[in-house]
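Have a look at the structure below before the remarks.
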Amino acid sequence: MSDPSPWRGDSIRTPSRVEERQLVREVKAGKEDALGRLLWIHWRGLVQYVLPVVRSQDQAEDVVQETFVRLWEKRTDWKRTETLRPVLYRIARNLALNERRRHRTFLDRVTGREPPRELDPRADPLDEAVGSDLEEAVREAVDALPERRREIFILVRFHSMTYREAAETLDVSPQTVANQVSLATRDLREALSDRIGESDGDGDLRLFGSGGG
């Protein structure tokens, strides 16, 4: 079975708070099977999240594997008030950015050129979505958002994070997240107004993910 698209928000397994707290307690106690269950729950969402950064399926999977290694190594340092998902996404994001910088530095040294911008075919976030001009237009409109605005919008809309979770992931305030989601929605509505109509509100945008609050 092919992986569903992260842009549609229908592939991310979100555990209940009770389930997550129990698994966190077990991991902190050194139970590796609990770490395995967390990996199973969050693997696909994390791979989809870092894929546009490292632009390679293999590198994305390596980054996510290293994320769980770091999580295991630092398990005794977790704060009781921390929610697990923002911690995971923050670790994965930092590792992915480091990997991208390392890769670019290496290529610059060897070839004197920037790495190719094309995505690996498997990285296309709409590969498994129902093909349509609207979906292509939405993808292009999201890609055109300012980098921080795009990242916040994707976490909230396509990874179903709350504003607080996205804020913890990116180390910004929940109000900043709310503002950027609002601005992104405005930008997308303007970019897509000729396709979805001014009266449709967020309806068509919600087809590609939901989240917030």
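What distance in nm lies between label points placed 7 Å from Cα along the C-beta direction at Arg148 and Glu26?
Output for this residue pair reads 3.9 nm.
In nm, to one decimal, how far is the Glu66 label point from the Glu140 one, both placed 7 Å along Cα→Cβ?
In this crude label model, Glu66 to Glu140 measures out at 3.5 nm.
May I ask you to compute the full-extension gain from Glu19 to Glu73, defined as 0.36 nm times their residue separation minus their alpha-carbon distance, rounded to one decimal in nm?
17.3 nm
To the nearest 0.05, how large is the calculated FRET efficiency for Thr176 and Asp33 if R₀ is 30 Å and r is the Cβ-Cβ distance?
0.20
Readers should treat all values here as calculations from the given coordinates under stated rules, not as data from a laboratory. A quick note: this is a predicted structure, and the numbers were derived from the prediction, not measured. Note: ideal-geometry Cβ built from the backbone for every residue, glycine included; neighbour counts use all protein chains shown.
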